[in-house]
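**Q** Sharing a structure, written as structure tokens. Questions coming.
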Amino acid sequence: MTADLQPYQMFIAGDWCQAEGGESFASTNPATEEDWAEIPAASEADVNRAVEAARSAFEEGPWPRTSPTERGKKLRQLAELIKPKAEDLGRIETIDTGKLFRETRWQANNVAAMYEFYGGLADKVNGYVPPLAPDQNLMYVTHEPVGVVAAIVPWNTQIQLAANKVGPALAAGNSIIVKASEHASAAMLEFAAIVAELDLPPGTFNVITGHGEPCGRALTAHPQIDRISFTGGIETARRIIPSTANNIAKLSLELGGKSPVVVFDDADLESAVNGVLAGIFGASGQSCAAGSRLLLQEGVYDKMLGMLKERAEAILVGDPLVEATQMGPLATPAQRDRAERIIQQSVDLGARVITGGGRPAGQPKGWYFEPTIIECDDQNLPCVQTELFAPILSVVKFSDEAEAVALANGTEFAFAGGVFTRDSGRGIRMARAIRAGRIWVNTYRRSSVLTPFGGFRNSGYGREAGIDAIRDFTETKGTMIEVSGKPMADPFIMG
Ligand code: NAD
């Protein structure tokens, strides 16, 4: 490693540390292609150390035994610690991922609000008493922390995505190990430094850094993990699922999407254009909820496509730290190569590139990609079926509502969907018919920690955020008590 890289350390058992063998890797700025930070590469031994620390914090430490109200207060304190650092956190995330600073700064502030929300949930996990007959035993049902949580996060929107795991897990009294993405570890470690100021019991909150292999695999396969909360791609999910056959960890999967935005002839076109642009060019298309398939009704097809082309060509692509920039680079060169390959395959099969399709002129450095629109006559083309995680919009024409529904539900993914129409009945019918975890009607890409988030089918299972999020990090216990005052009867005498 060169001396001018900013060195980072992992946070395990309340201490900052390097990887045991001293291994590290560089983090690269996607806008400049320059390495800027040095990140520890955790080995299996480091993973074991983190899990042992989290396990002993859970079994013997004070956090699970702290009153829920006190835990809630700590999370609200965390929110206060984040607020003055939101700008710095956002800047580091931008340097690490290429995501617009305007957006990462906003998200860092939003993360503070998320911890306020989760702090508020900490003492609202009520149990209940099932209404057994009066002459039966009394049972009460309680919700206890699940144990040691492994949180695996992707690089995009990492601090915010991690908040949906760390917030409810800590609120419920668990200990947690976050495995940062190898493409954006610095921001997660900066966040760990803020958590460190809280002085949580050692081992309660840990951040490890490293690659999927060995770090992610060793963490999710560890026999002492009780709960895995994963956000990332479907192929990684397929590698994690078998591990849970051994450790029986409860698993939730927040995966990718190929979400449709359906625009009917009667839509407010200005509004629909804004919704489509937000859905696919926001975050350079690198979002699980990206509206990457536009289904356009035939009566409005030419007009809307023309409007979109004009707006896409006017997008300011460039340095994500500059306030005026509207679209930054992709996070990795591999994503750009893949996008180029799948566009080429689709064109070979008959797709027509309306605008974009490659690297923008005048950007010799950085993993930039043009805002791209592709017309597709066939819903089965690779660019319509594959999650590209890039600013690439595939457009398919439809004639009526039934066809729109069939197309909308016509991929393996089912994360989100959007509908633009002035007919409120049709908006509601479409919202019912599209099989996905989040539907937007006459808007797109808006969310809040108050609202549950997650997909159907190959977009994953489990929901994050919303009022039930904390339950997902608990176990349910039923306690039955003899109340008659009589001694326990002989079990071999019936009646
Ligand atoms: P990825 O699946 O490549 O990596 C995600 C994380 O998994 C990383 O930390 C990685 O190191 C880790 N990992 C890799 N191999 C592993 C293994 N064998 N065991 C355990 N962990 C392993 O995803 P990515 O490229 O970082 O992110 C993009 C993907 O994430 C897209 O598919 C996107 O749709 C999805 N995503 C989903 C949501 C959501 O809320 N549903 C949000 C953001 C991103």
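The values are calculated or read from the model by the stated rules, or taken from the named source; none is laboratory data. None of these values were measured; they are calculated from a predicted model. Glycine also receives a Cβ, built like all others from the backbone with ideal geometry; neighbour counts cover every protein chain displayed. Ligands, DNA and RNA are excluded from the accessible area calculation, which covers all protein heavy atoms including side chains. Shrake-Rupley method; radii C 1.70, N 1.55, O 1.52, S 1.80 Å.
**Q** Output the residues belonging to the range 282-307 that are surrounded by fewer than 24 Cβ atoms within 10 Å (Cβ to Cβ) and in contact with a Leu (Cβ under 8 Å, 6 or more places away or on another chain). It would help to see each step written out before you state the result.
**A** Narrowing the range 282-307 to residues surrounded by fewer than 24 Cβ atoms within 10 Å (Cβ to Cβ): 282, 287, 297-307.
Scanning the range 282-307 gives Val300, Lys303, Met304, Leu305, Met307.
**Q** Being open to solvent by 10 Å² or more (accessible area, probe 1.4 Å) and either hydroxyl-bearing (Ser, Thr, Tyr) or in a helix (DSSP H, G or I) (or both) is the filter; apply it to the range 150-203 and report the residue that is farthest from the ligand (Cβ to nearest atom).
**A** Ala196
**Q** Next question. Which numbered condition in (1) open to solvent by 40 Å² or more (accessible area, probe 1.4 Å); (2) within 8 Å of the ligand (Cβ to nearest atom) is the only one that Ile241 fails?
**A** Here Ile241 meets the rest and fails (2).
**Q** Taking the options Arg227, Arg217, Arg238, name whichever one is of a type in the set (Lys, Arg) and under 16 Å from Gly455 (Cβ atoms). Give the derivation first.
**A** Details: Arg227 fails: under 16 Å from Gly455 (Cβ atoms); Arg217 fails: under 16 Å from Gly455 (Cβ atoms).
After applying the criteria, what remains is Arg238.
**Q** Residue under question is Ser229, and the condition is that it be of a type in the set (Ser, Thr, Tyr), within 14 Å of the ligand (Cβ to nearest atom) and part of a loop (DSSP other than H, G, I, E, B); does it hold?
**A** Working: of a type in the set (Ser, Thr, Tyr): yes; within 14 Å of the ligand (Cβ to nearest atom): yes; part of a loop (DSSP other than H, G, I, E, B): no.
Considered against the rule, which asks whether it is of a type in the set (Ser, Thr, Tyr), within 14 Å of the ligand (Cβ to nearest atom) and part of a loop (DSSP other than H, G, I, E, B), Ser229 comes out as no.
**Q** Condition first: surrounded by fewer than 17 Cβ atoms within 10 Å (Cβ to Cβ) and either out of contact with any strand residue (DSSP E or B) (no Cβ under 7 Å at 6 or more places or on another chain) or within 30 Å of Leu198 (Cβ to Cβ) (or both). Now tell me which residues in the range 110-138 satisfy that. Can you show your working first?
**A** Pass one, the range 110-138, residues surrounded by fewer than 17 Cβ atoms within 10 Å (Cβ to Cβ): 113, 120, 123-124, 126-138.
If the condition is that a residue be surrounded by fewer than 17 Cβ atoms within 10 Å (Cβ to Cβ) and either out of contact with any strand residue (DSSP E or B) (no Cβ under 7 Å at 6 or more places or on another chain) or within 30 Å of Leu198 (Cβ to Cβ) (or both), then Ala113, Gly120, Asp123, Lys124, Asn126, Gly127, Pro131, Ala133, Pro134, Asp135, Gln136 are the ones that fit.
**Q** Go over the candidates Ala53, Ala57, Ala45, Ala3 one by one and state the one that is modelled with pLDDT under 95 and of a type in the set (A, V, I, L, M, F, W, C). Steps first, answer last, please.
**A** Details: Ala53 fails: modelled with pLDDT under 95; Ala57 fails: modelled with pLDDT under 95; Ala45 fails: modelled with pLDDT under 95.
Testing whether each residue is modelled with pLDDT under 95 and of a type in the set (A, V, I, L, M, F, W, C) leaves just Ala3.
**Q** Let me ask you something else. What do you reckon, is Lys258 closer than 24 Å to Glu412 by Cα, charged (D, E, K, R) and more than 13 Å from the ligand (Cβ to nearest atom)? Let's see the steps before the verdict.
**A** Values: closer than 24 Å to Glu412 by Cα: yes; charged (D, E, K, R): yes; more than 13 Å from the ligand (Cβ to nearest atom): no.
So Lys258 fails the test.
**Q** Would the range 206-220 turn up any residue that is more than 11 Å from the ligand (Cβ to nearest atom), touching a helix residue (DSSP H, G or I) at 6+ places or on another chain (Cβ under 9 Å) and either in contact (Cβ under 8 Å) with a residue 12 or more places away in the chain or at positive phi (or both)?
**A** Yes, some residue in the range 206-220 is more than 11 Å from the ligand (Cβ to nearest atom), touching a helix residue (DSSP H, G or I) at 6+ places or on another chain (Cβ under 9 Å) and either in contact (Cβ under 8 Å) with a residue 12 or more places away in the chain or at positive phi (or both).
**Q** Between Leu251, Leu296, Leu255, which is hydrophobic (A, V, I, L, M, F, W, C), within 20 Å of Ala431 (Cβ to Cβ) and modelled with pLDDT of 95 or more? Before you say what the answer is, go through the steps one by one.
**A** Details: Leu251 fails: within 20 Å of Ala431 (Cβ to Cβ); Leu255 fails: within 20 Å of Ala431 (Cβ to Cβ).
Answer to the check: Leu296.
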